[in-house]
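Written out below as structure tokens is the structure these notes cover.
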Number of protein chains: 2
Amino acid sequence: MTNAGGRKGGRARVERAERGIPEATVARLPVYLRALTALSDRDVTTASSEDLAVSAGVNSAKLRKDLSYLGTYGTRGVGYDVDYLRYQIAREIGLTQDWSVVIVGIGNLGHALANYSGFASRGFRVTALLDSDEARVGESVGDLHISSLDDLDEIVRSGSVSIGVIATPAAAAQIVCDRLVAAGVSSILNFAPALLSVPDHVDIRKVDLSIELQILAFHEQRKTGALTGIKAGTG
Amino acid sequence: MTNAGGRKGGRARVERAERGIPEATVARLPVYLRALTALSDRDVTTASSEDLAVSAGVNSAKLRKDLSYLGTYGTRGVGYDVDYLRYQIAREIGLTQDWSVVIVGIGNLGHALANYSGFASRGFRVTALLDSDEARVGESVGDLHISSLDDLDEIVRSGSVSIGVIATPAAAAQIVCDRLVAAGVSSILNFAPALLSVPDHVDIRKVDLSIELQILAFHEQRKTGALTGIKAGTG
DNA sequence: ACGATTTTGTTCTCGCGTTCACAAACTCTT
DNA sequence: AAGAGTTTGTGAACGCGAGAACAAAATCGT
């Protein structure tokens, strides 16, 4: 039917620069990495794009296209070598090197983040915990003790810290953010429910717990057909 | 139910628009809500789409289009009444009613979530904390005490719980998820680094802390020009 | 060795979301 | 009251990403 006839565009070939990985693809690479690790743990040595796609929860065509941005790591007729691909993705993301992370704001959330094992297992090393509350400074959390925010500059410089995590209240977030940037941190993960402005060269990502719940609530409301107020169910 | 003061003679609501709100728009409504609250706190009574857009960190055209899906709440030549719009968005999301939430897995993260004030302030009430570790059952966290996972069914039914938060290790996530679904929970927020499968009628959202860091690391690596990627092995 | 089979890498098409641009609608000034 | 000035709501163009489909490349069987 719609067989590609003789319409061969004589356009100049677009170079597949390794630089231009789509943002949507970048966001999925860690998911693939996790899926590959799971397969490897089960002693699976080779996996097809379909296997991987199922394991990662995506479409197999999408997965193949994503991987094609990184290079040609599969073997036609066979699939992907799990450990090899896993290493390639890890290298692409930058997980073959360690990253130093500072966490600012050691309240409940900062506490949890400091103890989160998922960071350390992936090459992220929490090198310092900072808080502006002097009463908290000196406290121990896991292996670390809480430092004063005033030590930020030295900690960042001496520890080659490039990633900062903000877990402060919203009111303090922008100030902390500015100080992180001034100290030389160029990637920030923000858990505070606030809009932060940063210079162009700084990357910032936001995780907002209450927004996620609100999105769920929206759909939940639709499902229950609750147009007005609370309806008292049966009983 | 107290109305937020009928303003300008109540017009008929545009109900056809309520059907198909794009997902991308839904995800921004909480952001607008927060921006409106911030303006309201500063005693701003009226705001143009441009004002709001700046406050929310988006493009003003996008904001206007988003709001247009909800109805016609602005006044041409004037802007939006801050409190009125805030109420409308809150109603649309479903925040004019309270939502009962259970948190499963009271480790570091679950602990932090249980104490997170951002939930309560937006109509989300944490009604129960559950853990499968019997040694933890009975412990107090804030106002609540930790219940056994076996009590899930009764808690969900008696408390009209529709939202569940999973903060367990990855290995336990699917089991906990299945039990939540079986108990009648139809919206799930998953913090465990695992892919969960749920029936169609259940909504699920995922928050993955380490993925966010990995995305930052990817861009950070590009910025520092570490093209070679391979440096001294970590041994 | 050669065809059948499997699976990748890529091209093409479609749909969604973002942004521009402008008519409609409201207020303010004279 | 009418024109000037604002600002909303929306139609239209554009770009990106998702998914289907297929040619190329590898293995396997005879």
Inter-copy distances for A:Asp200, nm, shortest first, label points 7 Å along Cα→Cβ, are 4.8
If one takes the longest principal axis of the Cα atoms in chain B, at what angle in degrees, from 0 to 90 and to the nearest 10, does the Cα axis of helix B:82-93 lie? 50 degrees
Bin width 5 Å, origin at 0, all Cα-Cα pairs of the stretch B:99-212: what percent of pairs per bin? 2, 13, 25, 27, 22, 9, 2, 0
With every protein chain kept in place and a 1.4 Å probe, chain A has an accessible area per residue in Å² of 53 Å²
Comparing each residue of the stretch B:182-196 in the complete protein assembly with the chain by itself (heavy atoms, probe 1.4 Å, ligands and nucleic acids ignored), those losing at least 20 Å² of accessible area are B:Ser186, B:Ser187, B:Leu189, B:Phe191, B:Pro193, B:Leu195
Could you check the simple spin-label distance between B:Thr45 and A:Asp41, using points 7 Å along Cα→Cβ, in nm with one decimal? 5.9 nm
Amide H neighbours of A:Ala128 at under 5 Å, excluding residues fewer than 5 places away on the same chain, with H built from the backbone geometry, are A:Val101, A:Ile103
Scalar couplings 3J(HN,Hα) for the stretch B:207-214 by Karplus 6.51 cos²θ - 1.76 cosθ + 1.60 (θ = phi - 60°), nearest whole Hz, x for Gly and Pro, are 10, 10, 5, 6, 5, 4, 5, 5
Ignoring ligands, DNA and RNA, please state the percent of accessible area on the stretch B:22-93 from carbon and sulfur, probe 1.4 Å. 49 percent
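Could you grab the relative contact order for the stretch A:99-211? Cα pairs under 8 Å, six or more apart, rounded to a whole percent.
Numbers: 215 pairs, mean separation 27.1, N = 113.
Computed value for the stretch A:99-211: 24 percent relative contact order.
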Starting from a label point 7 Å past Cα on the Cβ side, list the distances from A:Gly20 to the same position in the other copies, nm, shortest first. 3.2
Nearest 5 is fine: what % of DSSP beta bridges in chain A come out antiparallel, could you say? 20 percent
Taking 0.36 nm per residue of sequence separation and subtracting the Cα-Cα distance, how much length would be gained by fully extending the chain between B:Glu134 and B:Arg64, in nm to one decimal? 20.1 nm
Inter-copy spacing of B:Ser121 label points, which lie 7 Å from Cα along Cα→Cβ, given in nm from shortest upward: 3.3
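Report the accessible surface area buried between chains B and A, summing both sides, using a 1.4 Å probe on protein heavy atoms only, in Å² rounded to the nearest 100.
Values: alone 14700 and 15530 Å², together 23850 Å².
Answer for the B-A pair: about 6400 Å² buried.
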Report the dimensions of the stretch B:22-93 along its three principal axes from the alpha-carbon atoms, largest first, rounded to Å. 31, 23, 21
Given points 7 Å out from each Cα along the Cα-Cβ axis, report the A:Ser158 to A:Asp98 separation in nanometres with one decimal. 1.6 nm
³J(HN,Hα) computed for each position of the stretch B:194-204 - Karplus, 6.51 cos²θ - 1.76 cosθ + 1.60, integer Hz, glycine/proline x: 8, 8, 10, 10, 9, x, 4, 6, 9, 8, 9
Could you state the number of Å between the C-alpha centres of the stretch B:48-75 and the stretch A:16-56? 38 Å
Ordering of B:149-162, A:67-80, B:202-215 by packing [mean C-beta count within 10 Å, highest first]: B:202-215, B:149-162, A:67-80
Rounded to whole Hz and in sequence order, give me ³J(HN,Hα) for the stretch A:64-80 from the Karplus expression 6.51 cos²θ - 1.76 cosθ + 1.60, θ = phi - 60°, writing x for Gly and Pro. 4, 5, 4, 5, 5, 5, 7, x, 10, 9, x, 10, 4, x, 10, x, 10
For the stretch A:21-54, residues shielded by at least 40 square angstrom of accessible area compared with the chain on its own, probe 1.4 Å: A:Val26, A:Pro30, A:Arg34
Taking all protein chains in place and a 1.4 Å probe, what share, in percent, of the accessible surface of the stretch B:99-212 do carbon and sulfur account for? 48 percent
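The values are calculated or read from the model by the stated rules, or taken from the named source; none is laboratory data. Not measured: the values here are computed from a predicted model. No Cβ is skipped: glycine too gets one built from the backbone with ideal geometry, and neighbour counts run over all protein chains shown. These accessible areas exclude ligands, DNA and RNA; they are computed on the full protein's heavy atoms, side chains included. Shrake-Rupley method; radii C 1.70, N 1.55, O 1.52, S 1.80 Å.
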